[in-house]
1. At 7 Å along Cα-to-Cβ for each site, give me the label-to-label distance between residue 80 and residue 68 in nm.
2. Given 10 °C and 1.306 mPa s, compute D for segment 48-119 with the Stokes-Einstein relation, Rh being the Kirkwood radius over Cα pairs; round to the nearest whole µm²/s.
3. Can you work out the PRE-style zone for residue 58? Point 7 Å along Cα to Cβ, and I want the residues of segment 90-107 with backbone N under 13 Å.
4. When ligands, DNA and RNA are left out and all protein chains stay put, how many square angstrom of accessible area per residue does segment 39-119 have with a 1.4 Å probe?
5. Which percent of the accessible area of segment 24-119 is formed by carbon and sulfur heavy atoms (probe 1.4 angstrom)?
6. Quick one: length gained pulling residue 48 to residue 93 fully straight, 0.36 nm per residue minus the C-alpha distance?
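The values are calculated or read from the model by the stated rules, or taken from the named source; none is laboratory data. Predicted model, so just to flag it, every value in this text is computed and none were measured. Every residue, glycine among them, receives a Cβ derived from its backbone with ideal geometry; neighbour counts consider all protein chains shown. All accessible areas refer to the heavy atoms of the entire protein, side chains included, with ligands and DNA or RNA removed. Shrake-Rupley method; radii C 1.70, N 1.55, O 1.52, S 1.80 Å.
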Amino acid sequence: MTYPVTAQKVLMSDRNDPRDGEGDSDVVLQTKPKTKRPPLYKVLLLNDDYTPMEFVVHVLERFFGMTHAQAFEVMLTVHKKGVAVVGVFSHEIAETKVGQVMDFARRHQHPLQCTMEKE
Ligand code: TYC
């Protein structure tokens, strides 16, 4: 399936027409389907002073498919820098990931924050 289709204007004068230049100079617009890529969204994990490091590692393994080593590295990046991109997804998938992380953190009574922003 192709994502949103927008119209692209095509001047009839752009065509190859052997009759061109014979005086019929009407400009006619034609539309041509143009495929566009879906917008992408970064999912960000934010640092805080209370969420245990092992909990964050578990979140990254569970919801972002990271290995333990990858998850530990990304967790340390967030811990040191304050924020990191943990994945890039379509709007719907990004929203689902943010919801899953926020819900999981809330259920475990940790203040971990996860947000998304357009790339
Ligand atoms: N700063 C937390 C601690 O020292 C660990 C942590 C890392 C919290 C990443 C949130 O997104 C986070 N326990």
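1. In this crude spin-label approximation the distance works out to 2.1 nm.
2. Details: Rh = 12.4 Å.
Here the translational diffusion coefficient equals 128 µm²/s.
3. Hits in segment 90-107 for residue 58 at 13 Å: 104-107.
4. 60 Å²
5. Roughly 52 percent, rounded to a whole number.
6. On the way: separation 45, 0.36 × 45 = 16.20 nm, distance 2.44 nm.
In short, 13.8 nm is gained.
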